[in-house]
Amino acid sequence: IYIQGMINYNRSFGRHDVSAMVVYNQEETALGNPGSLFSSLPKRKQGLAGRLTYGYDNRYLIEANFGYNGSENFAEGRRFGFFPSVAVGWNVNREPWMQNARFIDNFKIRASYGMLGNNNVALYRYQTIIDNSGNEIVNGNPDLTWEKVKILDAGIDLSLFGQKLEVTFDWFR
């Protein structure tokens, strides 16, 4: 079962461009495999994501994003994680002092920084699994939570001579 709802907003006024988006999703997967107790357990995820962008004169750009995600892989109190990010860009070729450089079609400098989360960090989730005879098969970890990674990206996009030469450079950390 998968449910998703989205709300979008876009508006331009003068040299200003603004947009916003919010997405809600929910998913449940149940394999119904009676041969394996663990495989027969349903898996559930839930999330809310948002994005807000602003651009001035298609020159200066900023974007902020967030994800607030939940997974039943973790014990109560550890199920939800917040994952924000921000990105900025500068279209250098849109500057008035670059207008005489007609051989430059596009020259953008950009950077982003944010956090990502992963809920697939363990095979058996947080639960302790017990077989029909009362024997403990797997000892769960109630302290298990989201794997988080911070990502930094800086880059340049360059297009020259009527888009005959295009170069993209990215540096990741």
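The values are calculated or read from the model by the stated rules, or taken from the named source; none is laboratory data. This one's a predicted model, so the numbers in the text were calculated from it and none came from an experiment. Reconstructed Cβ throughout: ideal geometry from the backbone, glycine too, with neighbour counts over all protein chains shown. The area values use the complete protein model at the heavy-atom level, side chains included, leaving out ligands, DNA and RNA. Shrake-Rupley method; radii C 1.70, N 1.55, O 1.52, S 1.80 Å.
Ordering Trp90, Trp97, Trp171 by accessible surface, largest first, gives Trp97, Trp171, Trp90; the 1.4 Å probe counts only protein heavy atoms, with every chain in place. Extension gain for the segment Asn8 to Ala30, taken as residue separation times 0.36 nm less the Cα-Cα distance, is 4.8 nm to one decimal. The label point for Arg59 and the one for Val88, both projected 7 Å from the Cα toward the Cβ, are 1.6 nm apart.
First select every other residue whose beta carbon is under 9 angstrom from the beta carbon of Gly117; then total the charges, Lys and Arg +1, Asp and Glu -1.
0
Net length available on complete extension from Met98 to Val167 is 23.0 nm, with 0.36 nm assigned per residue and the Cα-Cα distance removed.
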